[in-house]
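S.K.: The structure under discussion is supplied below as structure tokens; questions concerning it will follow.
The values are calculated or read from the model by the stated rules, or taken from the named source; none is laboratory data. Bear in mind the structure is a predicted one, so any value in this text is a computation, not a measurement. Because the Cβ atoms are built from the backbone with ideal geometry, glycine has one as well, and the counts that use them run over all protein chains shown.
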């Protein structure tokens, strides 16, 4: 920040918002820990490059099929009152379920992109994801309610993608399956 004094006020506003957010949801204070931020930075850096290489991103997504739902469940659990087990269970399931649906939609779409014979679609789709993620993050900082609405729409879109992929796969399997002969 010292190298760019013109942006220091910009960064200060984000720090104030992060401070307000951590006071509003004290369970999320851990996200401001330097070790957590460093681990998230390393993971983001690794994902940036893993997503650009066909089939490496499928392996990355396979590993994250376990990590992301658990992370979503734990984050949603962190903001719920620890005295009410009903809300804890509901929050854990909803947070993990939403994270899994979002991840399944992304991973399913990326699998279809990987099946493309030309190498450039993977890089283009990955770059579009990076830009969309940055845009949604900026929107979350500037207007959290609008970002929540966009995120909810993306979860619905992911659900639609999962079911559409399931129907497409079922249709493909039905076309490939051997015709059945009627019993006499």
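Yes/no per residue for (1) modelled with pLDDT of 85 or more; (2) in a loop (DSSP other than H, G, I, E, B); (3) surrounded by 14 or more Cβ atoms within 10 Å (Cβ to Cβ):
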{"position": "49", "(1), (2), (3)": "yes, no, no"}
{"position": "54", "(1), (2), (3)": "no, yes, yes"}
{"position": "77", "(1), (2), (3)": "yes, no, yes"}
{"position": "102", "(1), (2), (3)": "no, no, yes"}
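S.K.: Can you pull out every residue in segment 18-35 that is assigned to a helix (DSSP H, G or I) and modelled with pLDDT of 75 or more?
M.R.: In the first step, residues of segment 18-35 are kept if they are assigned to a helix (DSSP H, G or I); the result is 18-24, 26-32, 34-35.
28, 29, 30, 31, 32, 34, 35 - these are the residues of segment 18-35 that are assigned to a helix (DSSP H, G or I) and modelled with pLDDT of 75 or more.
S.K.: Next up: Go over the candidates 138, 132, 107, 148 one by one and state the one that is assigned to a helix (DSSP H, G or I) and more than 20 Å from residue 68 (Cα to Cα).
M.R.: 138
S.K.: Right, something else. Could you list, in sequence order, the residues of segment 83-101 that are without any contact (Cβ under 8 Å) to a residue 60 or more places away in the chain and under 22 Å from residue 159 (Cβ atoms)?
M.R.: 89, 90, 91, 92, 93, 94, 95, 96, 97, 98, 99, 100
S.K.: Do we find that residue 83 is closer than 26 Å to residue 128 by Cβ and out of contact with any helix residue (DSSP H, G or I) (no Cβ under 8 Å at 6 or more places or on another chain) in this structure?
M.R.: no
S.K.: Could I ask something else about it? Answer yes or no as to whether residue 72 is part of a helix (DSSP H, G or I), at pLDDT below 85, under 30 Å from residue 27 (Cβ atoms) and within 12 Å of the chain's Cα centre (by Cα).
M.R.: So residue 72 fails the test.
S.K.: For segment 114-132: of the residues being at pLDDT 80 or above and surrounded by 13 or more Cβ atoms within 10 Å (Cβ to Cβ), which is nearest to residue 51 (Cα to Cα)?
M.R.: Among residues in segment 114-132 that are at pLDDT 80 or above and surrounded by 13 or more Cβ atoms within 10 Å (Cβ to Cβ), the one nearest to residue 51 (Cα to Cα) is 126.
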